[in-house]
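Engineer: Below you'll find the structure I mean.
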Amino acid sequence: MMRHLVLISIAAFVVAMLALFLVKHEVRGLEHELAALEHERQSHVEAIRVLRSEWSYLTRPSRLAALAERHLPLEPVAPAQVRWLPQRPSGASAFVTPIGGEREL
Amino acid sequence: MRDLATRRWWRRGSTSRREDAAAQAQPALLERARGRLLVTGVIFLLCFGALVVRTLDVAVIGAPVDISTAGDASAFDPAARADIVDRHGVLLASNLPTHALYVEPGKIFDREEAVAALGRLFPDLDPERTASLIASGKKSALLRHDLTPEQAHSINRLGIPGLWLERQEQRVYPQGRLFAHAVGFTDVDNRGLAGVEKAADAELRRRAEAHSGPLALSLDIRVQHALAQALQDTMTAHRALGAAGMVMDVETGELLALVSLPSFDPKAPDRSPAETLFNRATLGTYELGSTFKPFTVAAALDLGIAGIEDSYDATEPIRVSRYLIRDHHPENRWLTVPEILIHSSNIGAARMAVEVGAERQRTFLDALGMFERMPLETSERGRPLAPRRWSEHTTMTVSYGHGLAVTPLHLLANYAALVNGGIAVTPTLLKREPGEQMVQRRVISAETSAVMRMLLYAVVAEGTGKNAAVPGYLVGGKTGTAEKAIGGRYKRDSMITNFVGVFPIDRPRYAVLTMMDEPKGTKETYGFATAGWTAAPVAGAVIERIAPLLGVPAIVEPDETEEEPAFARWDGAGRHASY
C-alpha cells in the first residue's frame, strides 16, 4: 500500500514538473508575443495620430480651394443654386436633410 | 519462496527469531509507534493539502486578469493633452510624439566626427556651438527638440555613443494660422499660453487622463475660412492695419468663427511680430461708433419713451459744453426713429439718449454687460473702458458709440440679444449640446426685439448697410465708423469701421461682425473708407458664402417658383390641389 503511494507520488511529481515547465515556457512565449503586439499597437496609435494631423493639414480649406480652382471647373455655391423643398412631403422626410446642415463626422 | 510469500518480509525484514519474539513481547510499544506515525502522516498530508489548495487558488482561480489590455483603442492613447476639434470633428490641435536629442559629452569618443555627422543631419545647427557643447564638461545637454521621426531614425543609425533620444510630445496645429487666435498655443512643455489652450488648460489635461476624447469647439472650419478669406481680401484692398470678424449663433451664443488679422503661426508665436498676437475680436476695446445706435433706440422703445412713429429734431448740430455733435450725412430735418438709424444720425441718437436719461442709459448698458468683461473660453478678454463721470455729454456721445470702448465681442453678443427676442446670450467657444439648458435672462421685450429686426432690415435695405445685402437672403444690420482716439485726440483719417449683420433677419439665426482697423479709401469705393464701404461688403460676402453651408434656405424669387419640384405632388394632404 505504502509502496504504491510512493510510486504514484513520484510519477505525479514528474508529470507536474513537466507540465509546469511546458506551461511556463508557453507563458514566456505568450508574454513575448504580448509585448510585441503592445509595441505594435503603440506604434499604430501614434501613426494614427500623425496621419490624422496630416489629413487635417492636407485638407486645409485654403489648400482645397486652390486645388479645386486649378483642377475643377467648379465655383463656390451661390445661394441661388441651393433649393429647399417648399414643403416636406409627409413620410418622405429622410432624404431632404439640407445639404451642409448638421452632420456628424 | 514460500516463506517469502506467506510472511510479510518487508515488515519484519531479516529479523532473528529472538528479536521477533521480543517484538511479540511488546505489542503495546509497537502500537504506540504506529499511532505516532499515523498522526505525523496526517499532519503532513494536511500541510500538503493546504499547499495544493493554495497553489490552485493562486494559479487557476485567482489568476490576475490584466484589465489594461482590454477596452477601446482610445484607452491606449498616451497623449498628455487632449485634441481640439471643430464642431464637426476637424482636427485643430493635436499632440504628436517627437524626440529630443541630448548629448553626453563624456561618452563621445571622436568629437570631430560627431560634430560633422550632426552638421550633415541638421544643416541649420551651428557647428561651433555644437563643438563647444560637446567639449564642455557637462554631464548631458539638450541639443535639439522636436525631431521628426526620420531625423530620430538617422540619429539612431549614426550609432554614436553619447547621443541619445528622449521621447517627447509636441503640440501641432494642422490648420496653421487659420485658428491662431481662437485656439491659441502652448509652450514647449505643453502648457496653454493663449486662447482656448489656456482657458481650457486643466480641462484638456483631464480629458487626456480620463480618455474622454477631444474637446469640441463651437467653431466651424468652413465658416472660419470664409470669414478669414473675406477679411484678408478687404484688408489688403484697403491697406488696413488689421481686421477682425466673428460669426455667432444668436440663440446659443456659440461662435462659429473668430478671426483676428494679421494672424500668426501658433507653432512659433515668439517668431511672429508681437502685434500679430493681439486678438482684436475679444481683447481689443474700441469706440465702435454708430453700431451702438440700435442700443439707444432699443432702450428708448423698450422703456416706452419713444415710439416707432416719433420724430427727432436733426435740423442742426447740437452744441454741448465745448463739443459739437454733427451728422456725417446731414439731412438737416426732423427724422423719424427708423430714419435716425437709416441715415445714422448722431444728432437724432443724442436727442433720444437725453430723453432716456443718463441713469437709465447706464442701467440698460449695464444689463447688456457693457461695463464688464464678456465671458468666453479664452484668456484674451478685454475690459471695456467707460468714463468715470457720466455727464450729459457722455450720455449723448455713448448713444452713438463714442466715449465707451468695448470689444467687438460685446457688440456682437448684444446684437444677438437685440434680434433673438430679447434674451441675453453668453458667448462661447465650446460646442453646446442640442437641448442644453441655458439661463434665460431677458434684456428687452420680445416686441422691442421684433421692431429692432425691422429697423435693422431697413438699414440694409435702404440705409448705410446697402453693401451688405445678399440676393436671396434677408439681411439686417448696422454700420459703425469711428475715429480712433490716439493720444487723447480723435484722428480724422484713422478709423475703426465695423458692421454687424444678422441673417435671416425675419427669423434670425446667425449674426456676423466685421471690423477693419484704419482702412484707406480706394478707387473702387470712390475714396471712401467708411463702414458702408469697407465693413458691410465683407459681411455681405461672408453671408453669401456661409448661408448655404449653414443650411439657411434662400428666398426663391416669385417668378422662379412657377416650376415647383415634382415632390410637391406627393403631399398626401392634397395641399397642391391646383396641380
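Rule-based calculations on the coordinates, nothing more; no lab input. Quantities reported herein were computed from a predicted structural model and do not represent experimental measurements. Neighbour counts run over all protein chains shown; Cβ positions are idealised from the backbone, glycine included.
Engineer: Below 13 angstrom from the Cβ of B:Arg545, what's the summed charge of the other residues (Lys, Arg +1; Asp, Glu -1)?
Structural biologist: -3
Engineer: Also: Can you work out ³J(HN,Hα) from phi for every residue in the stretch B:235-242, in order, using Karplus 6.51 cos²θ - 1.76 cosθ + 1.60 and θ = phi - 60°, giving whole Hz and x for Gly and Pro?
Structural biologist: 4, 5, 4, 9, 6, 7, 5, x
Engineer: Fewest first, what order do A:Leu34, B:Leu411, B:Leu121 take by the number of other Cβ atoms within 10 Å?
Structural biologist: A:Leu34, B:Leu121, B:Leu411
Engineer: Residues of B:85-94, mean number of Cβ from any other protein chain within 10 Å of their own Cβ, rounded to a whole number?
Structural biologist: 4
Engineer: Under a Cβ-Cβ cut-off of 12 Å, what is the net charge of the residues other than B:Lys198 that fall near it, where Lys and Arg count +1 and Asp and Glu count -1?
Structural biologist: Spelling it out: positives minus negatives among the neighbours equals -4.
Engineer: Provide a whole-number value for the mean count of partner chain Cβ atoms within 10 Å of the Cβ atoms in peptide A:59-67.
Structural biologist: 4
Engineer: I would also like to ask the following. Kindly put B:Tyr400, B:Tyr457 in sequence by how many other C-beta atoms sit within 10 Å of each C-beta, fewest to most.
Structural biologist: The fewest-first ordering by Cβ neighbours comes to B:Tyr457, B:Tyr400.
Engineer: Given the peptides A:17-26, B:351-360, arrange them by the average over their residues of other C-beta atoms within 10 Å, most packed first.
Structural biologist: Per-residue mean Cβ counts within 10 Å order the peptides as B:351-360, A:17-26.
Engineer: Work out the length of the dipole vector of the stretch A:2-72 about its Cα centre, built from +1 on the beta-carbon of each Lys and Arg and -1 on the beta-carbon of each Asp and Glu, and round it to the nearest 20 debye.
Structural biologist: 100 debye
Engineer: Highest mean first, how do B:212-219, B:274-281 rank when packing is the count of other Cβ atoms within 10 Å averaged over residues? Please report the intermediate quantities before stating the final value.
Structural biologist: On the way: B:212-219: 20.8, B:274-281: 19.1.
The densest-packed peptide leads the list: B:212-219, B:274-281.
Engineer: To the nearest 10 degrees, how steeply does helix B:358-367 sit against the main Cα axis of chain B, on a 0 to 90 scale?
Structural biologist: Long axis of B:358-367 versus the principal axis of chain B: about 30 degrees.
Engineer: Which whole number gives the average count of other chain Cβ atoms within 10 Å of the Cβ atoms across peptide A:71-80?
Structural biologist: Details: counts 0, 0, 0, 0, 0, 5, 5, 7, 13, 7.
Whole-number average of other-chain Cβ neighbours for A:71-80 is 4.
Engineer: Calculate one ³J(HN,Hα) per residue across the stretch B:263-271 by plugging θ = phi - 60° into the Karplus curve 6.51 cos²θ - 1.76 cosθ + 1.60, and present them in order as whole Hz with x for glycine and proline.
Structural biologist: Here the 3J(HN,Hα) series is 9, 9, 8, x, 7, 9, x, 6, 9 Hz.
Engineer: Moving on to the next point. Based on DSSP H runs of at least 4 residues, each adding -39500 (n - 2.57), what is the mean residue ellipticity at 222 nm of the protein assembly as shown after dividing by all its residues, to the nearest 500 deg cm²/dmol?
Structural biologist: Mean residue ellipticity at 222 nm (helix-derived): -12500 deg cm²/dmol.
Engineer: Using a cut-off of 22 Å between alpha-carbon atoms, which lysines can reach B:Lys293, once sequence neighbours fewer than 8 places away in the same chain are excluded?
Structural biologist: Leaving aside lysines fewer than 8 places away in the same chain, those within reach of B:Lys293 are B:Lys466, B:Lys478, B:Lys484, B:Lys491.
Engineer: A further question follows. Of the peptides B:315-327, B:30-42, how do they stack up when ordered by the mean number of other Cβ atoms within 10 Å, highest first? Please report the intermediate quantities before stating the final value.
Structural biologist: On the way: B:315-327: 12.8, B:30-42: 10.0.
Put in order of decreasing packing, that is B:315-327, B:30-42.
Engineer: Let me ask another. Using a simple charge model, +1 on the beta-carbon of Lys and Arg, -1 on the beta-carbon of Asp and Glu, nothing else, what dipole does the protein assembly as shown show about its Cα centre, in debye to the nearest 20?
Structural biologist: Roughly 3280 debye, rounded to the nearest 20.
Engineer: Just name one of B:Leu227, B:Ile155, B:Ala199: the one whose Cα is farthest towards the positive end of the charge dipole of the stretch B:151-238 (beta-carbon charges, Lys/Arg +1, Asp/Glu -1).
Structural biologist: My answer, from the dipole projection, is B:Ile155.
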